[in-house]
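Undergrad: I am attaching a structure below and will ask some questions about it afterwards.
Derivation of every value follows stated rules applied to the coordinates shown; laboratory data play no part. Every value quoted in this text rests on a predicted model; they were computed, and no experiment measured them. No Cβ is skipped: glycine too gets one built from the backbone with ideal geometry, and neighbour counts run over all protein chains shown.
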């Protein structure tokens, strides 16, 4: 599995086309961007960019990793939207704890369940 932070750094680098601009956008140093690029290249086992003086071009592997990272970013954004739309009043919470702790927790679950009828708290006391 590709490291998601390195992948995101590579996508930003690809978008910016410049190490310094990518570093500024990510609140990192230029060295940090370079190190993450090297680690990602080690992880995929091949170079992702070809340096051209101060610039660079993506290798075919780099284009594939960039596209994958962009899709991952879109899917994560979609997931966050789905989770944000989730109705917080319709959830189930399950807790397993000692009997002593259950006696302390149980009274505190009553009020939230009354305020949100869709909320279910399952509390199990276990040794």
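Undergrad: Using alpha-carbon pairs under 8 Å, 6+ residues apart, how would you state the relative contact order of the chain in percent?
TA: 20 percent
Undergrad: Taking a quarter of the surface of the Cα convex hull of the stretch 4-85, what do you get in nm²?
TA: 5.4 nm²
Undergrad: Another question about this same structure. What is the calculated FRET efficiency for residue 24 to residue 79, with r their C-beta to C-beta distance and R₀ = 41 Å, to the nearest 0.05?
TA: Using R0 = 41 Å, I get an efficiency of 0.90.
Undergrad: Set the Förster radius R0 to 30 Å, insert the Cβ-Cβ distance between residue 68 and residue 34 as r into 1/(1 + (r/R0)^6), and round the FRET efficiency to 0.05.
TA: It comes to 0.90.
Undergrad: Which translational diffusion coefficient, to the nearest whole µm²/s, is obtained for the stretch 41-127 from the Stokes-Einstein equation, given a Kirkwood hydrodynamic radius over C-alpha pairs, 37 °C and 0.692 mPa s?
TA: For the chosen part, D equals 185 µm²/s.
Undergrad: How much length is gained on full extension from residue 15 to residue 54, taking 0.36 nm per residue of separation minus their Cα-Cα distance?
TA: Full extension of this stretch gives 12.5 nm more.
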